[in-house]
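Structure, as C-alpha cells:
Nothing in this text is a laboratory measurement; each read-out follows from the coordinates by a stated rule. Predicted model, so just to flag it, every value in this text is computed and none were measured. Cβ: placed from backbone, ideal geometry, glycine included. Neighbour counts: every protein chain shown.
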Amino acid sequence: MEARRPPHADVAQALLALLRHDGMDGQAVTVADDAPTTAWDIAALTGQAPPRDLPQPDPWELIVDTTRLRRTLGVRPRHPTVHTALDADAL
C-alpha cells in the first residue's frame with residue numbers, strides 16, 4: 001500500500017530547503033502551487049456550497065511569485081495544482 005502524502009507536503013519540502021540553505025535568514029519565500037485556485041474551485045472540489053457573500057475574483061489576479069522558492073532553493077511543488085493533489089489523494 002502506497003503511503004499517502006500529507007496535504008502539507010509542499011510546505012514541509014520548502015521549510016526543509018530553507019533550513020538547509022545558507023543565507024536565507026530574514027528572507028520571505030512564497031510557497032504556492034502552479035495554478036491559481038479560488039474559493040469557488042475549492043468548494044466545487046469538496047462538494048461544498050460556493051461562497052455567497054464574496055464577489056468571485058478573476059483567478060489570474062491570484063497568481064503569486066514563487067521565483068525565490070524555485071530558483072534559489074530549487075523547490076518545485078510535488079502537487080503543482082489542487083487538481084493533481086486531489087488525484088493523488090493528498091487533500
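The modelled label-to-label distance between A12 and R71, using points 7 Å beyond Cα along the C-beta direction, is 3.0 nm.
Compare the peptides 30-38, 17-25, 64-72 by average per-residue count of other Cβ atoms within 10 angstrom and give them in order, highest first.
On the way: 30-38: 15.9, 17-25: 11.1, 64-72: 13.6.
Taking the mean over residues of other Cβ atoms within 10 Å, the ranking is 30-38, 64-72, 17-25.
Taking each residue as 0.36 nm, the span from W40 to D22 lengthens on full extension beyond its C-alpha to C-alpha distance by 2.6 nm.
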